[in-house]
Amino acid sequence: MPTAQVPDILSPEFAADPYSAYRLMHDAAPLIWHEATQSYIISRYEDVERVFKDKNGEFTTDNYDWQIEPVHGRTILQLSGREHAVRRALVAPAFRGADLQEKFLPVIERNSRELIDAFRNSGSADLVNDYATRFPVNVIADMLGLDKADHARFHRWYTTVIAFLGNLSGDPEVAAAGERTRAEFAEYMLPIIRERRESLGDDLLSTLCTAEVDGVRMSDEDIKAFCSLLLAAGGETTDKAIASIFANLLRHPDQLAAVRADRDLIPRAFAETLRYTPPVHMIMRQSATEVKLSGGTIPAGVTVTCLIGAANRDESRYRDPDRFDIFRDDLTTTTAFSAAADHLAFALGRHFCVGALLAKAEVEIGVSQLLDAMPDMCLADGFDPVEEGVFTRGPQRLPVRFTPVTAA
């Protein structure tokens, strides 16, 4: 297998431009044994889709025992079978339907507006630092009924957790910081959960405290672990998605103009961004049995690194995959935020992202409000957005200029 020509996923060359590496993998090395991470790397759409859908029980999430549990505690991601179904039934209603529409859309709108108010009259902003990194964390804190004054702490915790999850090279300092965060978050969160059980409100934390399915309720530890997961997964991914949507649209002014004129195109722009520049580039699974995939066979009991960023750029699945095009006809927007999605950014199957519709609501509201506040938004002079990251990826800065408009 000619893997020598493919940059190592831990190399600076890969970090600078994973997309060129993905093309090489598709063509020459669809299955790579990666010594440093002790995992098999897969990159083709059909293989990653098969692992996520897992129709034959060939793959598990046992890898999360070491990848996630040390920072979050035991989460829904590690569960399977009936235990997983019950836990998902406990948390899922808050992220769809009436709860999302009635309880949380006003929370999303308010948090977006408050952030934009801080810069709407200034004529310039950094969409990453002034908005994207703050917005989803503020929304989640508000949904849970936590104090948004603790934003800096939440942000530090979730960036530390994401660094732990993406610590592919095994840096001991990153690992230690992640484990410290678990202790700090538990110290912060458990007293609040106990207090909330005594004095229920109309927030998501109260809902989690009282949710019951088939006589099963979540323990304080269960709720703490879910809140930790929610802050990290819901913060980092939506943060990167919003930054990437604008980076992509600002680079394609004709498509930006189309979205500005027709806000119903925002879900298309989001879906295409999830395909073209997904916030999460890799997710791991563990093989339960020996499995034959493109390029060879993987044994039972090994870690499989699924390259979402590569699968979403597979030319056997998408026409001209390295082109950003919100009007492409081989990506279905109507199913893009459900388990029937044909991109892989939210995974698929029973572990499909429970917060996909929340992310969609945040993006639709946030992008629309930003376009209203900055109708002539353009990149700051001479600035070209640069993606950073390997496990999660997106622009670290996105300075824009605009002519201030009076708030409606």
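Quick one: is Phe324 open to solvent by less than 30 Å² (accessible area, probe 1.4 Å), of a type in the set (Phe, Trp, Tyr) and over 20 Å from Ala233 (Cα atoms)? Explain how you work it out, then say what you get.
Numbers: open to solvent by less than 30 Å² (accessible area, probe 1.4 Å): yes; of a type in the set (Phe, Trp, Tyr): yes; over 20 Å from Ala233 (Cα atoms): yes.
Judged against the criteria, Phe324 is a match.
Every residue in segment 29-50 that is within 12 Å of Ala311 (Cα to Cα) and among the β-branched types (Val, Ile, Thr), please.
Of segment 29-50, the ones within 12 Å of Ala311 (Cα to Cα) are 30, 41-50.
Scanning segment 29-50 gives Ile41, Ile42, Val48.
Residues in segment 181-191: is at least one open to solvent by less than 30 Å² (accessible area, probe 1.4 Å), in contact (Cβ under 8 Å) with a residue 60 or more places away in the chain and under 21 Å from the mean Cα position of the chain (by Cα)?
So far as segment 181-191 goes, yes, one or more of its residues are open to solvent by less than 30 Å² (accessible area, probe 1.4 Å), in contact (Cβ under 8 Å) with a residue 60 or more places away in the chain and under 21 Å from the mean Cα position of the chain (by Cα).
Can you go through Ala243, Ala257 and tell me which one is surrounded by fewer than 24 Cβ atoms within 10 Å (Cβ to Cβ) and at pLDDT 95 or above? Give the steps one after another, and end with the answer.
On the way: Ala243 fails: surrounded by fewer than 24 Cβ atoms within 10 Å (Cβ to Cβ).
Answer to the selection: Ala257.
May I ask you to list the residues in segment 369-380 that are surrounded by fewer than 18 Cβ atoms within 10 Å (Cβ to Cβ) and part of a helix (DSSP H, G or I)?
Residue satisfying the conditions is Asp372 alone.
Being under 25 Å from the mean Cα position of the chain (by Cα), polar (S, T, N, Q) and under 17 Å from Ala125 (Cβ atoms) is the filter here; which residues of segment 351-408 pass it?
Within segment 351-408, the first condition is being under 25 Å from the mean Cα position of the chain (by Cα), and the residues that meet it are 351-371, 379, 384-400.
Still in the running and polar (S, T, N, Q): 368-369, 392, 396.
Across segment 351-408, the qualifying residues are Ser368, Gln369, Gln396.
Could you list all residues from segment 293-309 that are touching a residue at least 12 places away in the same chain (Cβ under 8 Å) and in a strand (DSSP E or B)? Lay out the reasoning, then the answer.
Our first condition is that a residue be touching a residue at least 12 places away in the same chain (Cβ under 8 Å); within segment 293-309, this holds for 293-296, 298-309.
Once the filter is applied, which keeps residues that are touching a residue at least 12 places away in the same chain (Cβ under 8 Å) and in a strand (DSSP E or B), segment 293-309 yields Leu293, Gly296, Ile298, Thr303, Val304, Thr305, Cys306, Leu307.
When both residues are 6+ apart or on different chains and their Cβ atoms are under 6 Å apart, which pairs have a first residue that lies in segment 389-404 and is among the β-branched types (Val, Ile, Thr), and a second that is part of a loop (DSSP other than H, G, I, E, B) and open to solvent by 60 Å² or more (accessible area, probe 1.4 Å)?
Thr403/Asp376
Does segment 204-215 contain any residue that is surrounded by fewer than 14 Cβ atoms within 10 Å (Cβ to Cβ) and assigned to a helix (DSSP H, G or I)?
Yes: one or more hits.
Kindly establish whether Ile108 is at pLDDT 90 or above, out of contact with any strand residue (DSSP E or B) (no Cβ under 6 Å at 6 or more places or on another chain) and not in a loop (DSSP other than H, G, I, E, B).
Details: at pLDDT 90 or above: yes; out of contact with any strand residue (DSSP E or B) (no Cβ under 6 Å at 6 or more places or on another chain): yes; not in a loop (DSSP other than H, G, I, E, B): yes.
Against the criterion (at pLDDT 90 or above, out of contact with any strand residue (DSSP E or B) (no Cβ under 6 Å at 6 or more places or on another chain) and not in a loop (DSSP other than H, G, I, E, B)), Ile108 qualifies.
Just give me the residues in segment 193-203 being surrounded by 18 or more Cβ atoms within 10 Å (Cβ to Cβ) and at pLDDT 90 or above, in sequence order. So that I can check it myself, show each step before the final result.
The initial filter retains those residues of segment 193-203 that are surrounded by 18 or more Cβ atoms within 10 Å (Cβ to Cβ), namely 193, 196, 203.
Of everything in segment 193-203, those that are surrounded by 18 or more Cβ atoms within 10 Å (Cβ to Cβ) and at pLDDT 90 or above turn out to be Ile193, Arg196.
Could you go through segment 345-368 and let me know if any residue there is loosely packed, with under 15 Cβ neighbours inside 10 Å, out of contact with any Gly (no Cβ under 6 Å at 6 or more places or on another chain) and in contact (Cβ under 8 Å) with a residue 40 or more places away in the chain.
Within segment 345-368, the subset loosely packed, with under 15 Cβ neighbours inside 10 Å is 349.
Then drop every residue that is not out of contact with any Gly (no Cβ under 6 Å at 6 or more places or on another chain), which leaves 349.
Subset that is in contact (Cβ under 8 Å) with a residue 40 or more places away in the chain: 349.
Yes - at least one qualifying residue is present in segment 345-368.
If we keep just the residues of segment 1-50 that are polar (S, T, N, Q) and not in a loop (DSSP other than H, G, I, E, B), which is surrounded by the most Cβ atoms within 10 Å (Cβ to Cβ)? Before you say what the answer is, go through the steps one by one.
Taking segment 1-50 as the starting set, the residues that turn out to be polar (S, T, N, Q) are 3, 5, 11, 20, 37-39, 43.
From the residues that got through so far, the ones that are not in a loop (DSSP other than H, G, I, E, B) too are 3, 5, 20, 39.
Details: Thr3: 16, Gln5: 10, Ser20: 14, Ser39: 23.
Residue satisfying both the conditions and the ranking: Ser39.
Quickly run through segment 129-157 and pick out the residues that are within 20 Å of the chain's Cα centre (by Cα) and not in a helix (DSSP H, G or I).
Correct list: Thr133, Arg134.
Mind checking which residues of segment 272-291 are in a strand (DSSP E or B), under 27 Å from Pro321 (Cα atoms) and open to solvent by 20 Å² or more (accessible area, probe 1.4 Å)? Step through it out loud before you land on a result.
Restricting attention to segment 272-291, the residues satisfying the condition of being in a strand (DSSP E or B) are 280, 282-287, 291.
Narrowing further to those that are under 27 Å from Pro321 (Cα atoms): 280, 282-285.
Answer for segment 272-291, where residues must be in a strand (DSSP E or B), under 27 Å from Pro321 (Cα atoms) and open to solvent by 20 Å² or more (accessible area, probe 1.4 Å): Val280, Ile283.
Any chance segment 292-309 includes a residue that's β-branched (Val, Ile, Thr) and open to solvent by 20 Å² or more (accessible area, probe 1.4 Å)? Don't jump to the end; show me each part of the working.
Here is the first cut: in segment 292-309, the ones β-branched (Val, Ile, Thr) are 297-298, 302-305, 308.
Applying the additional criterion that residues be open to solvent by 20 Å² or more (accessible area, probe 1.4 Å) yields 297, 302.
Within segment 292-309, one or more residues are β-branched (Val, Ile, Thr) and open to solvent by 20 Å² or more (accessible area, probe 1.4 Å).
Yes or no: segment 125-137 includes at least one residue that is touching a residue at least 60 places away in the same chain (Cβ under 8 Å), over 30 Å from Pro404 (Cβ atoms) and open to solvent by less than 20 Å² (accessible area, probe 1.4 Å).
In the first step, residues of segment 125-137 are kept if they are touching a residue at least 60 places away in the same chain (Cβ under 8 Å); the result is 125-129, 131-133, 135-137.
Add one more test, that the residue is over 30 Å from Pro404 (Cβ atoms), and what stays is none.
The answer is no, given that none of the residues of segment 125-137 is touching a residue at least 60 places away in the same chain (Cβ under 8 Å), over 30 Å from Pro404 (Cβ atoms) and open to solvent by less than 20 Å² (accessible area, probe 1.4 Å).
Just checking, which of Leu229, Leu250 is within 23 Å of the chain's Cα centre (by Cα) and under 23 Å from Val107 (Cα atoms)?
On the way: Leu250 fails: under 23 Å from Val107 (Cα atoms).
Result: Leu229 is the single residue among Leu229, Leu250 that is within 23 Å of the chain's Cα centre (by Cα) and under 23 Å from Val107 (Cα atoms).
The values are calculated or read from the model by the stated rules, or taken from the named source; none is laboratory data. Only a predicted model underlies this, so the values are computations on that prediction, with no experimental measurement involved. Because the Cβ atoms are built from the backbone with ideal geometry, glycine has one as well, and the counts that use them run over all protein chains shown. Accessible surface areas use protein heavy atoms only, side chains included; no ligands, DNA or RNA. Shrake-Rupley method; radii C 1.70, N 1.55, O 1.52, S 1.80 Å.
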